[in-house]
Amino acid sequence: MFMVHVWQADGRFTPLPQPCIDVGVERERNLMVLQGVGSVFETDVFAWIVQEIRSPASARNTFKVFRSS
């Protein structure tokens with residue numbers, strides 16, 4: 001995505017001082033690919049949080065992984 005304008009509260013678009021490109025790849029998505037897991041919640045960064053939430057609630061894993069082909 002090419003980001004060249006900012007939307008003002010009054011509805012106007014004004015040029016950004018420094019245009020940029022947002023490729024939409026955050027660190028957690030890169031980590032997901034590098035660790036070979038199907039969800040960002042399965043990476044070592046988030047897995048412990050999911051486990052902590054799941055433990056007291058005695059809940060099982062109910063999130064589903066959707067992959068585009």
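Only the coordinates and a few stated rules stand behind these numbers; no lab work does. Here the structure is a predicted model, which means the values were calculated and not measured. Here Cβ is always computed from backbone atoms with ideal geometry, including for glycine, and neighbour counts include all displayed protein chains.
Structure notes:
- A dipole drawn for the range 2-57 from +1 and -1 charges on Cβ atoms has a positive end, and of Met3, Val40, Gly24 the residue lying farthest that way is Met3.
- With K and R counted +1 and D and E -1, the other residues having a Cβ less than 14 Å from that of Val6 yield a net charge of -1.
- Phe46 sits among other residues whose Cβ lies under 14 Å from its own Cβ, and their net charge, with Lys and Arg +1 and Asp and Glu -1, is -2.
- Using the Cβ-Cβ distance between His5 and Arg54 with R0 set to 30 Å, the FRET efficiency from 1/(1 + (r/R0)^6) comes to roughly 0.10.
- Relative contact order of the range 2-57, defined on C-alpha pairs under 8 angstrom at six or more residues apart (%): 20
- ³J(HN,Hα) computed for each position of the range 36-45 - Karplus, 6.51 cos²θ - 1.76 cosθ + 1.60, integer Hz, glycine/proline x: x, 10, x, 8, 5, 6, 9, 6, 5, 6
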